[in-house]
Amino acid sequence: MSVNVIELVRAALPEAVTRQLSNCLGLPPEATAKVVEVTTPALVAGLLNRCATLDGARTLFATILGQEVNAHIAEQLPRSFASTTGVTQLSSTGRQLLEHSFERRIDGLSDAVSMQTGVPAHATHAVSGIVGSILMGVLKGHILDHRSNIGQLPSLLGQQLPSIAPFLNDGLTTVLGLGSAAAFAQTIGSQVRAVSSHFEHPAATPVPVRDPVEPTLSPTAQVIMPPVREVRQVGLKAKHWLGVAALSALIGAIAAMAMWVALAWCPAATGWFTRNAVAAPAAPEQTASQPASEATAQPVAQAPQDNAASTSGAVQADAAPVAAKDSQLIASVDANGKPTISATVQNVAEKSALLNALTKKFGVGKFNADITIDENRKAADWLAQIDALMPLLSTPGAEMKIDGTRVELSGTAADAKTGWLDHLKSVFGAPYQVSAFDPAQAVANAAQSFKNAAKALLAPDASCASADLVKTLNLQVVNFASRDAHVPQSAFDDLNQSAQLLKACVKDGHALKLEVSGYSDNVGSAAANLELSKERADAVRAYLVKAGVSADAIVAQGYGNVRPVASNATESGRFANRRIEFSETRVQ
C-alpha cells in the first residue's frame, strides 16, 4: 500500500491546471505552486496527527470515505477550475473536510502560509481548501482501489513522514496544534504504528496512544476507549469498511468491561489502579538544537509552543508556572505602502486596540494582519505608542520588529536619512532599546560568543558530547554574500576553530558523524534557494575537510527556505534564516 501522497497531489496539479487555478485567483502560477508546496506537507501532518489516536483514526477514515470526498477529483480539476464558482465551491468543501478532520479551524494555517510565502491571505485560504479537497480525494481513491481497511490508514500516512518532515517548521505545526516540528517528527511514527497495530491485532488492553503535546496517564487510567463519533452521509462504498471500524469498537468495549469487572472484584488491583491513576505524569524531557544566529544581538522570533498543561483529559499535579514571554510585533511594508503585521499579544483588548489603530490609519482591507492571543505573554506596553508608529508602517520598504522593550529597524526604516531611529528613541524613551539591524555587528557578536564557547570545549577536562559540540558549533555565523556559495573570509577563523574542535574530539576517542545543513531565506524561488543552500553546505564541509576533518565524519545537505528560525519579514529574520547549522546525524 506504499504511495507518496505528496506526489499524488502534485500529479493532480500539472502546470496547465495550476495556471488555470492561478487565473481564477489572480496570482502568478509560481505563487500558486509555492503555496501548494508549503500547504500540502502541513495538511498531511495534520491528518497524520489525527491517526495518532484510535478515535481520530476512525473519524478520519469515515470522513475520507464519505460522500463529500471525490475519489476522481484529479481528473475533474480542469472542469472545476473553469470558473470562479467552481474554485470557490471546491475550496469551501475542502476547508469543511479539513476542519472536521482536524477539529479546529484552518485559518491559522493559511495565515501562516501567507506569512511564509508572501502570497496574500485570501489566496492562501482558497488554495488551502483546494489542496484539502485534492488530498482527501486522492486518499479515498487509493483506499478504494486497494480495498484498504481502517488499520492501514495510519500506516499509509505514517509512510509520508520522510517526505513531509523536511518541509515542516514550527510556524506550521504550531497553528495545527502539533507542537514543535522536531518533537512531532520524533514521536508521531511510534504513535501511528501503535494505532495501526491495534486495529490489525486488537489486544485485551488497548495501548494508550496520545497526541504529541499531551501528558500520559497510567495504562489502567486509559482502558476505556473514547466513544466512536456518529458519522453522517457515508457513501455506499464505505459501509463495508465502516463495519470493520464498528467491530473494532465492539471488541474494545468488551475489553473495557472485562477490565472494569476485574477491578471491581480484585481489591489489590483496585488499589493499584487508584494509586497509579492519580500519579502525575513526568514531564517529557525537551531538547532543542540552538540556531546558528542565536548569539547575535538581535532576538530570533520563535513560534509559540503548545502548553501541555492546558490540554484536556489529562491529570497534571504541581505544574511549574509558565514564564511569561514578551509580546511581539513584526511589520513590513511593501513598495506600495501596504503593511503586513504579525503580532502576539496578551488578550483580546490588546488585539482590538492594534486592529482599531490599523483600521483607523489604513482602512478596512488595506493592510494584512495576523494577530495571535497568548495569555502567557507580558502586556504589550508598546501599544501606548502605536499611533506614533503609523507613519512608519506606511513607509514603503520599512521593516520593524518589537520584542518586549527591544525595537529593531531594518529596510528603509534603518536608513539614517529617514530619521526613524532617532525619532523612535525619542518616542519610546527609557527603558526601550531602539536599534537598526547591522549584519556586520551581528557576525562579530556571534564570533565572540563562539570563540568563548570553543575555548571552554578545548579545556583538558571538557566534554566532547555531541550535544555540547553541536551547540557550540551553531554559535558561529557563516555570512555568505548574496547569491554566492564561497565561504566568506569573515568565517575563516571560526571554521578553523571548528576543525580544531572536531579533530580534538576524534583524537580523544570520540567517533563523530555530523551533518552540515544549509538554509536560506524566502527571497527567490524555492528551487533556487534549495540549490544554493546545498552549495553553501558543501562549501563549509569542503573547508572543514581541507582543514583536517575526516571526510567520513561530516556530510552536507541543503534544505532551502524550509524550517525558518525567524520571520522573513525583517532583515534580521532573513539573516538568521540564511544559516549553516550543524547537527548529529541519525541512523535512519
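Separation between the Gln433 and Ser550 pseudo-spin-labels, each 7 Å from Cα along Cα→Cβ, expressed in nm?
For Gln433 paired with Ser550, the spin-label model returns 4.2 nm.
For the charge dipole of the range 323-437, defined by +1 on Lys and Arg C-beta atoms and -1 on Asp and Glu C-beta atoms about the Cα centroid, which residue among Pro339, Leu424, Val407 has the Cα displaced farthest towards the positive pole?
Working it through, the farthest residue towards the positive pole turns out to be Pro339.
Under 13 Å from the Cβ of Thr40, count the other residues' Cβ atoms, weight Lys and Arg +1, Asp and Glu -1, and hand me the total.
Numbers: positive: Arg10, Lys34; negative: Glu7, Glu37.
Local charge sum for Thr40: 0.
Taking the simple approach of a point 7 Å from Cα along Cα-to-Cβ for both Leu144 and Ala459, what is their distance in nm?
Rounded to a tenth, the inter-label distance reads 6.7 nm.
What are the radius of gyration and Dmax of the range 323-437, computed over its Cα atoms and given in Å?
13.3, 40
Give or take rounding to whole Å, what are the principal axis extents of the alpha carbon atoms in the range 81-183, in descending order?
Largest first, the range 81-183 extends 39, 38, 23 Å along its Cα principal axes.
In Å and from the alpha-carbon atoms only, list the Rg and Dmax of the range 1-86.
Just the Cα atoms of the range 1-86 yield Rg and Dmax of 14.8, 42 Å.
Count the lysine pairs in the range 441-584 whose Cα atoms lie under 21 Å apart, taking only pairs 8 or more positions apart in sequence or on different chains.
Summing the qualifying lysine pairs gives 16.
What order do you get for 441-450, 149-158, 355-364 when each peptide is scored by the mean count of other beta carbon atoms within 10 Å, highest first? Intermediate values should be presented prior to the final figure.
Numbers: 441-450: 18.2, 149-158: 22.7, 355-364: 13.8.
Packing proxy ranking, top to bottom: 149-158, 441-450, 355-364.
Would you please put 169-177, 465-473 in order of how densely packed they are, using the mean number of other Cβ atoms within 10 angstrom per residue and starting with the highest?
Numbers: 169-177: 23.1, 465-473: 18.4.
Top of the packing list down: 169-177, 465-473.
Just subtract the alpha-carbon distance of Ala82 and His122 from 0.36 nm times their residue separation and send over the number in nm, one decimal. Spell out each step's value before the answer.
Details: separation 40, 0.36 × 40 = 14.40 nm, distance 1.94 nm.
Full extension of this stretch gives 12.5 nm more.
What's the Cα-based Rg to Rh of the range 529-588, Rh via Kirkwood? Numbers along the way, then the final one.
Details: Rg = 13.1 Å, Rh = 12.7 Å.
Radius of gyration over Kirkwood radius for the range 529-588 works out to 1.03.
Give the cross-link partners of Lys351 among the lysines, using a straight C-alpha distance below 28 Å as the criterion and excluding same-chain residues fewer than 8 apart.
Cα-Cα hits under 28 Å: Lys325, Lys338, Lys360, Lys361, Lys366, Lys378, Lys401, Lys425.
Just for the Cα atoms in the range 441-584, what are the lengths along the principal axes, largest first, rounded to whole Å?
Principal extents (largest minus smallest coordinate, Cα): 45, 30, 25 Å.
Ordered by packing density, taken as the mean number of other Cβ atoms within 10 Å over each peptide's residues, highest first, how do 420-426, 57-63 rank?
Peptide ranking by packing, descending: 57-63, 420-426.
Laboratory data are not the source of any read-out in this text; all were calculated from the coordinates shown. No experiment lies behind these values; they were computed from the predicted model shown. Here Cβ is always computed from backbone atoms with ideal geometry, including for glycine, and neighbour counts include all displayed protein chains.
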